[in-house]
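All remarks here apply to the structure that follows.
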Amino acid sequence: MPPFALRIAFTILATTCGALASEYSVFNQHPDATRTADGAWEVHDISRPWPPAATPKPWTDLEKDTKAPQGATILFDGSSLDAWNVPQPWILDKGVLQVRPVNISLASKQSFGSCRLHLEWRTPPESAKKSGQNKGNSGVLLMSTYEIQVLDTYENKTYADGMAAALYGVKPPDVNALRPTGEWQCYDIWFKRPLFDESGKMTSPACVTVMVNGVLVQNNVPFDGPTSHKKRRPYQKHADARPLVIQNHNEVVEFRNIWIQPLPDDAVLSPAGPVGINK
């Protein structure tokens, strides 16, 4: 193809892709459920760009914000598992909550809606021998439904919307702010629950802002719907509060210092600004 014709072809392609991305949204979702709601990417598209690395803040800078504020519910402080419905593979070991390779997830006894969530996690040093989705795979499922991925993606490539701090199957983090394998990672999540009208139609999607090791990686990003694998699922009306779930994905992952602060739907305010999107 002549260079001029090639430039025209690329211009048409770029214009078409731009129209595709702007025509669809979380409120008007692309008809192909194997693509993100805006139609811009296939779910788990291996060609989706990997975000750049960012430098985590040192623990001395994070210490103040790791402490639970007044009114927060302590889900795990290293002393007991009383806040959880504990399946057999989950154990308390030397003040650390550990999941072992049996595919049974952990659910809180209490239910929550809009909130601020703090937790810390790590993969053991021996995980360095693993790769892809097999390296410390877990997840934080807000309202048992909307997943922020837990995965050791420090120098470990996988599909971008399945890396650490991704809205699983929806959007990669803006940067990769993980510490090396074996070190503790810090997640701070501000979450606004989805809202539905009387007919069950979603009027405001579930949205999150996420900081990893003190670095902003997701800024008021909507979920396309309930988290699923390879195929987008539509929103369905559910209770205003549901248990927090930590996923067991057949990998050893450890957790500590988990607390959650319930927030009013109209007052989910992260350091980056308000969380929530209305139509």
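So is GLY214 buried (at least 21 other Cβ atoms within 10 Å of the Cβ), of a type outside the set (D, E, K, R) and under 30 Å from THR55 (Cβ atoms) or not? Walk me through it before giving the result.
Working: buried (at least 21 other Cβ atoms within 10 Å of the Cβ): no; of a type outside the set (D, E, K, R): yes; under 30 Å from THR55 (Cβ atoms): yes.
So GLY214 does not fit the description; no.
If you scan segment 146-166, which residues turn out to be outside any helix (DSSP H, G or I) and touching a strand residue (DSSP E or B) at 6+ places or on another chain (Cβ under 7 Å)? Steps first, answer last, please.
The initial filter retains those residues of segment 146-166 that are outside any helix (DSSP H, G or I), namely 146-159, 163-166.
If the condition is that a residue be outside any helix (DSSP H, G or I) and touching a strand residue (DSSP E or B) at 6+ places or on another chain (Cβ under 7 Å), then GLU147, ILE148, GLN149, VAL150, THR153, MET163, ALA164, ALA165, ALA166 are the ones that fit.
Would it be correct to say that PHE191 is in contact with a Gly (Cβ under 9 Å, 6 or more places away or on another chain) and aromatic (Phe, Trp, Tyr)?
Values: in contact with a Gly (Cβ under 9 Å, 6 or more places away or on another chain): yes; aromatic (Phe, Trp, Tyr): yes.
Spelling it out, PHE191 is indeed in contact with a Gly (Cβ under 9 Å, 6 or more places away or on another chain) and aromatic (Phe, Trp, Tyr).
Any residue that is in contact with a Leu (Cβ under 6 Å, 6 or more places away or on another chain), surrounded by fewer than 23 Cβ atoms within 10 Å (Cβ to Cβ) and touching a residue at least 60 places away in the same chain (Cβ under 8 Å) - is there at least one of those in segment 223-230?
No, every residue in segment 223-230 fails to be in contact with a Leu (Cβ under 6 Å, 6 or more places away or on another chain), surrounded by fewer than 23 Cβ atoms within 10 Å (Cβ to Cβ) and touching a residue at least 60 places away in the same chain (Cβ under 8 Å).
Considering segment 152-179 alone, what residues qualify as being under 17 Å from VAL140 (Cα atoms) and β-branched (Val, Ile, Thr)?
THR153, VAL170
Report, ordered by the first and then the second residue, all pairs with beta carbons closer than 7 Å, sequence separation of six or more or different chains, a first member in segment 27-38 that is basic (Lys, Arg), and a second member that is in a loop (DSSP other than H, G, I, E, B).
From residues that are basic (Lys, Arg), the pairs are ARG35/TRP41; ARG35/VAL43.
With the condition kept exactly as written, say whether any residue in segment 187-209 is part of a strand (DSSP E or B), among the acidic types (Asp, Glu) and under 29 Å from TRP90 (Cβ atoms). Walk me through it before giving the result.
Just the residues of segment 187-209 that are part of a strand (DSSP E or B), to begin with: 187-192, 195-196, 202-204, 207-209.
With among the acidic types (Asp, Glu) added as a condition, the list becomes 188.
Filter once more, so that each one left must be under 29 Å from TRP90 (Cβ atoms): 188.
Among the residues of segment 187-209, at least one is part of a strand (DSSP E or B), among the acidic types (Asp, Glu) and under 29 Å from TRP90 (Cβ atoms), which makes the answer yes.
Among the candidates ALA83, ALA128, which residue alone is aliphatic (A, V, I, L, M) and at pLDDT 95 or above?
Working: ALA128 fails: at pLDDT 95 or above.
Checking each option against the conditions leaves just ALA83.
Across segment 172-186, what is the number of residues that are under 15 Å from VAL221 (Cβ atoms) and buried (at least 21 other Cβ atoms within 10 Å of the Cβ)? Talk me through it step by step, then tell me what you get.
Within segment 172-186, the subset under 15 Å from VAL221 (Cβ atoms) is 172-175.
Among the residues that remain, those that are also buried (at least 21 other Cβ atoms within 10 Å of the Cβ) are: 172-173.
Final tally of qualifying residues: 2.
Which residues, counting only those in segment 72-126, are assigned to a loop (DSSP other than H, G, I, E, B) and of a type in the set (Asp, Glu)? Please lay out each step first, then the result.
Taking segment 72-126 first, the residues assigned to a loop (DSSP other than H, G, I, E, B) are 72, 77-83, 86-89, 94-95, 100-105, 113-114, 123-124.
Across segment 72-126, the qualifying residues are ASP77, ASP82.
Hey, can you tell me all the residues within segment 242-279 that are small (Gly, Ala, Ser) and either in contact with an Asp or Glu (Cβ under 7 Å, 6 or more places away or on another chain) or surrounded by fewer than 15 Cβ atoms within 10 Å (Cβ to Cβ) (or both)? Break it down stepwise before answering.
If we filter segment 242-279 for residues that are small (Gly, Ala, Ser), which is where we start, we get 267, 270, 272-273, 276.
Those that are small (Gly, Ala, Ser) and either in contact with an Asp or Glu (Cβ under 7 Å, 6 or more places away or on another chain) or surrounded by fewer than 15 Cβ atoms within 10 Å (Cβ to Cβ) (or both): ALA267, ALA272, GLY273.
The values are calculated or read from the model by the stated rules, or taken from the named source; none is laboratory data. Here the structure is a predicted model, which means the values were calculated and not measured. Virtual Cβ from ideal backbone geometry, glycine too; neighbours counted across all protein chains shown.
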